[in-house]
Amino acid sequence: MAKRQLILDTETTGINPKDGHRIIEIGCVELINRRFTGNNFHVYINPERIIDAEAVAVHGITNERLAHEPKFRDIAKSFYDYIQGAELVIHNAAFDVGFINHEFSMLHPVLPPVEQYCTILDTLMLARELHPGQKNNLDALCRRYDINNSHRTLHGALLDAEILADVYLLMTGGQVSLNLANEQDGTDDQSGPAVIQRSGRLKVLRATDAELAAHETRLDLVQKKGGSCLWRNG
């Protein structure tokens, strides 16, 4: 069964929806079976309130820019339909999901919380597990995985979602592509091998001398107990 993932990011008028802050931009990048589909979602939203100066300094989006954009209630149904049943991949998911749920709660009729019809993967939590004790914001992850984000002078929901998609794929093994040439000519032959494509360089971590010695000790123990060691039989 195809796995549909949406790499999602938002920009907002401020930090906390409980203080009346609103979403002003949503960007989603769609992956199906870890492949980019191009079926993305991007919208700017008139928040019907003043954007905090601190927020403008981060994303550069002003009230003047949004004056003629739709209100959230105008795009809510299309966004709700778009995310249905997908796994949402979000960096610091509690922030974005909190804002989306707040927006849904103000609609008439109210739309249910995201967690009821989507699963959520927080890449910040994933990065902390993979790289404990290190910086794990998006810029730091781009440096770690050699992803060029020099065009990211300001935050933007779609741009950040596109960058996060590259980061996520590299953190979790790469992008899988099956016979794209056959798909383009309308055939469905998937007999060929899968190709793993990576948009950056993965760092190779080699075992230390101590780790190699521990490995050899473990193999000695296996052989003493009558086991077969494939690593030594080749």
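Provide a single number: the residues in the range 111-131 that are over 17 Å from the mean Cα position of the chain (by Cα) and open to solvent by less than 90 Å² (accessible area, probe 1.4 Å). It would help to see each step written out before you state the result.
If we filter the range 111-131 for residues that are over 17 Å from the mean Cα position of the chain (by Cα), which is where we start, we get 111-113, 116-117.
Filter once more, so that each one left must be open to solvent by less than 90 Å² (accessible area, probe 1.4 Å): 111-113, 117.
Selection size over the range 111-131: 4.
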- Message: Looking at ILE51, ILE75, ILE61 in this structure, which one is part of a helix (DSSP H, G or I) and open to solvent by less than 70 Å² (accessible area, probe 1.4 Å)?
- Response: ILE75
- Task: Among the residues of the range 17-53, write down those that are under 18 Å from HIS102 (Cα atoms), small (Gly, Ala, Ser) and either more than 21 Å from the chain's Cα centre (by Cα) or at pLDDT below 95 (or both).
- Result: GLY20
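Which of the residues spanning the range 36-47 are in a strand (DSSP E or B) and touching a Leu at 6+ places or on another chain (Cβ under 8 Å)?
At the first step, the residues of the range 36-47 found to be in a strand (DSSP E or B) are 36, 41-44.
Residues satisfying the conditions are PHE41, HIS42, TYR44.
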- Note on the structure: Checked GLY20, GLY27, GLY38 against criteria (touching a Ser or Thr at 6+ places or on another chain (Cβ under 9 Å) and surrounded by fewer than 19 Cβ atoms within 10 Å (Cβ to Cβ)); the one match is GLY20
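How about the range 76-120: which of its residues are among the β-branched types (Val, Ile, Thr) and free of Cβ contacts under 8 Å to residues at least 60 places away in the same chain? Talk me through it step by step, then tell me what you get.
First pass over the range 76-120, keeping only residues among the β-branched types (Val, Ile, Thr): 83, 89-90, 97, 100, 110, 114, 119-120.
Hits for the range 76-120 are VAL97, VAL110, VAL114, THR119, ILE120.
So that you can scan it fast, the table gives a plain yes or no per residue for (1) at pLDDT 90 or above; (2) closer than 24 Å to ILE24 by Cβ:
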residue	(1), (2)
LEU124	yes, yes
GLU129	yes, no
LEU170	yes, no
GLY192	no, no
ARG198	no, no
ALA214	no, no
LEU221	no, no
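Does GLU69 qualify as being at negative phi, of a type in the set (Asp, Glu) and not in a loop (DSSP other than H, G, I, E, B)?
Working: at negative phi: yes; of a type in the set (Asp, Glu): yes; not in a loop (DSSP other than H, G, I, E, B): no.
No: the conditions fail for GLU69.
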- Message: Looking only at the range 1-17, how many residues end up being open to solvent by 30 Å² or more (accessible area, probe 1.4 Å) and assigned to a strand (DSSP E or B)?
- Response: 1
- Message: Can you say whether ASN136 is within 15 Å of ALA165 (Cβ to Cβ), without any contact (Cβ under 8 Å) to a residue 40 or more places away in the chain and part of a loop (DSSP other than H, G, I, E, B), as far as the supplied structure shows?
- Response: no
- Message: Cβ-Cβ under 7 Å, sequence separation 6+ or interchain: first residue in the range 161-173 and touching a residue at least 40 places away in the same chain (Cβ under 8 Å), partner open to solvent by 30 Å² or more (accessible area, probe 1.4 Å) and of a type in the set (A, V, I, L, M). Which pairs?
- Response: MET171/LEU126; MET171/LEU130
- Item | Selection count where residues are surrounded by fewer than 18 Cβ atoms within 10 Å (Cβ to Cβ) and either within 21 Å of LEU124 (Cα to Cα) or touching a Pro at 6+ places or on another chain (Cβ under 7 Å) (or both), scope the range 78-94 | 3
- Query: Only one of LEU88, LEU141, LEU107, LEU126 is part of a strand (DSSP E or B) and touching a helix residue (DSSP H, G or I) at 6+ places or on another chain (Cβ under 8 Å); which?
  - Reply: LEU88
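The values are calculated or read from the model by the stated rules, or taken from the named source; none is laboratory data. What you are looking at is a predicted structure, and each value in this text was computed from that prediction instead of being measured. Cβ coordinates were reconstructed from backbone atoms using ideal geometry, including for glycine residues, and neighbour counts include every protein chain displayed. The protein model used for the area step is the full one, side chains on, heavy atoms only, and it has no ligands, DNA or RNA in it. Shrake-Rupley method; radii C 1.70, N 1.55, O 1.52, S 1.80 Å.
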